[in-house]
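A.B. asks: Below is a structure I'd like to ask you about.
The values are calculated or read from the model by the stated rules, or taken from the named source; none is laboratory data. Values in this document were obtained by computation on a predicted structure and should not be read as measured data. Methodologically, a virtual Cβ is constructed for each residue, glycine included, from the backbone with ideal geometry; neighbour enumeration extends over all protein chains shown.
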Amino acid sequence: MDKEKNPNPQFSDIEDLIEEYDALLSYPNTKYPYVFVYGGWMFYDLRDQIHELGLDDHPEVKKLDRQFLKKVLEWVVPDDYKAKRKYPHMWWHHLEEIKRGTYPREKLPEYLRGIC
């Protein structure tokens, strides 16, 4: 069975893009994954790509979003100083507000509302 093709040449297919999201959240396998220490901007750019491809409702993306948001609430918001912020209205560009509890819950996707 052929994998779904991604028009972005950085990733050969959608499965690779989702695997990259998973890897970013779990590498290295320590208390503070790479995304929270050095590569925060990578999360924002990767999540924007996922959104561009219409994968926000993909079951694996939802699972990873929940995992990511739980880590943000437990630890720190990833640094976004290099992020391109293509979609500044999307929830992942408001993590500081979400962590402080000032981001309106109704703006979060339904599958994330129970986490905050």
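A.B. asks: Select, from 33, 28, 59, the only residue that is exposed (fewer than 14 other Cβ atoms within 10 Å of the Cβ), over 9 Å from the mean Cα position of the chain (by Cα) and at pLDDT below 95.
C.D. replies: Residue meeting the stated conditions: 28.
A.B. asks: Shifting gears a bit: Residue 100: on the phi > 0 side of the Ramachandran plot, of a type in the set (Lys, Arg), modelled with pLDDT under 95 and surrounded by fewer than 18 Cβ atoms within 10 Å (Cβ to Cβ), yes or no?
C.D. replies: no
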